[in-house]
Amino acid sequence: MHSATHQAIATVWRLESARIVAVVARMVRDVGVAEELAQDTLVTALEHWPREGVPDKPAAWLMTAAKRRALDHLRRIKMQDAKHQEIGHDLEAREALVVPDFVDALDAARQDEIGDDLLRLIFTACHPVLSMDARVALTLKLLGGLTTHEIARAYLVPEPTIAQRIVRAKRTLAEAKLPYEVPRGEELAQRLASVLEVVYLVFNEGYTATAGGDWMRPELAQEALRLGRMLAEIAPAEPEVHGLLALMELQASRMAARTDTQGRPILLADQDRARWDPLLIRRGLAALQRAQQLDGARGAYALQAAIAACHARARRSEETDWTRIAALYAQLAEAAPSPVVELNRAVAVGMAEGPAAGLAIIDRLREEPALRRYQWLPSVRGDLLAKLGRHSEARAEFLQAAELAGNARERAMLLARAAEMAP
């Protein structure tokens, strides 16, 4: 009986923890304290629910319990230092004083407030005052619901390192005394870019793992998708939010087809498109349309989503509109220039105009410092050389790519490609 109750608590907590931390953080104005109070609430549930049963409205029970703890914390602070008159003046704190019991449902207006609180929490966790590593770890902890152990395992970093990273991030935020709010105007655009960058970084690590024994880490991609959908709900007027969501939905639609039964990678051209998820494709195309309706068609994420949409609309690999993809990459190179974008454009040009045209672009990138340790540069060059019949050169490129690869599955795939080029 207790194990079933504990499982119920774990499920509700994973779904609601971000909302609870967000509401409490607005009350106490400290992300670290908010998480501690939320964890105290979880302990309370673990103590009460096995004895008393799971409440009819477990999410409301947890939310109200967390608010009460926040109010107790505010009272203690106020008693300790009368100068802190601003603490506890929040309207949410005042309203929480009259909550009659643990099972009051949240009305629509309160749900809107929680959405605002989640947005504040996301922007706080992804504040530029933190390093990118710290932003990713804190975002996964507070909003993704992952444990320190899960984050460490996902990024192949020792657990104490992740724990220290999260502790330092909370301390940095507290010491910086940042306003717990959604930025406005120009700052919003700057901060939103940071938020979207973190979410997409998490998704990419799940979609193609940089290291380890597995080609993908689906749980990380799913967490990023959940965050992206959350952002789309609470920032519906931001086109790049919808552009990023479209990109992740469309890429995630292929995940079931990206490995064989032994977990070995299957490249895009060889995938069984019948295994692509039609629901995720529909969601991705709808999000892309929304981004375009908001005049965001030339945003970096929307352009990448438009490229992914070209693949999604092709029933067979041979039907892919590579000419349009190459044109979209050219637009992306203007909107968000980078060597990686240019590398991807080379692939598209190679498919649209022939491998020699793609190789000409690749050869201009060989001295690019940012790509010197990037395994996909020699991998792509090897593929183009193979198509031109220059097998000896292609083999050398695949071997170099395998040497640079940090992922075991990826390395094995590249070594297999090199073996195919052997005389």
(request) Kindly rank 260-270, 158-168 from highest to lowest mean number of other beta carbons found within 10 Å of each residue. (result) 158-168, 260-270
(request) With a ≥ b ≥ c taken as the square roots of the eigenvalues of the C-alpha gyration tensor of region 133-177, please select rounded if a/c is under 1.5 and otherwise prolate if a/b is larger than b/c or oblate if it is not? (result) prolate
(message) I need the per residue convex hull volume for region 312-384, using only the alpha carbons, in cubic angstrom as a whole number.
(response) 94 Å³
(message) At a 10 angstrom cut-off on C-beta neighbours, averaged per residue, how do the peptides 351-359, 363-371 rank from highest to lowest?
(response) 351-359, 363-371
(request) Using a/c under 1.5 as the rounded threshold, could you call region 147-238 rounded, prolate or oblate? The axes a ≥ b ≥ c are square roots of the C-alpha gyration tensor eigenvalues, and prolate needs a/b larger than b/c, oblate otherwise. (result) oblate
(request) Compare the peptides 137-145, 296-304 by average per-residue count of other Cβ atoms within 10 angstrom and give them in order, highest first. (result) 137-145, 296-304
(request) Could you give me the percent of Cα pairs per 10 Å distance bin for region 286-423, shortest bin first, beginning at zero and ending with the bin that holds the maximum distance? (result) 13, 35, 36, 14, 3, 0
(request) Extending each Cα 7 Å along its Cβ direction at Ala412 and Arg75, get the distance between those two points in nm, one decimal. (result) 6.0 nm
(request) Select from Leu196, Met248, Pro265 the residue farthest towards the positive end of the dipole of region 185-320; place +1 on Cβ of Lys and Arg, -1 on Cβ of Asp and Glu, and compute about the Cα centre. (result) Pro265
(request) Could you list the residues of region 316-331 with an amide nitrogen less than 11 Å from a label point located 7 Å from the Cα of Arg298 in the Cα-to-C-beta direction? (result) 331
(request) Taking the Cβ of Trp276 as the centre, find all other residues whose Cβ is under 14 Å away and add up their charges (Lys, Arg: +1; Asp, Glu: -1). (result) +4
(request) Pull out a ≥ b ≥ c, the square roots of the eigenvalues of the alpha-carbon gyration tensor of region 185-320, then state rounded if a/c is under 1.5, prolate if not and a/b is larger than b/c, and oblate in the remaining case. (result) oblate
(message) Please list log₁₀ I(q)/I(0) at q = 0.11, 0.17, 0.29, 0.30 Å⁻¹ for region 1-64, using the Debye equation with identical point scatterers on the alpha-carbon positions.
(response) -0.24, -0.54, -1.26, -1.32
(request) Scale the Cα Rg of the chain by the rule-of-thumb value 2.2 N^0.38 Å and send over the ratio, two decimals. (result) 1.11
(message) Would any residue of region 118-135 have its amide N under 18 Å from a label point 7 Å out along Cα→Cβ of Val167? List them or say none.
(response) 131, 134-135
(request) Find the centroid of the Cα atoms in region 265-316 and in region 338-368, then give the distance between the two in whole Å. (result) 22 Å
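Since every read-out is calculated from the coordinates, none of them should be taken as a lab result. All values reported here derive from a predicted model rather than from experimental measurement. When we count neighbours, we look across all protein chains shown, and the Cβ atoms used for this are built from the backbone with ideal geometry, even at glycine.
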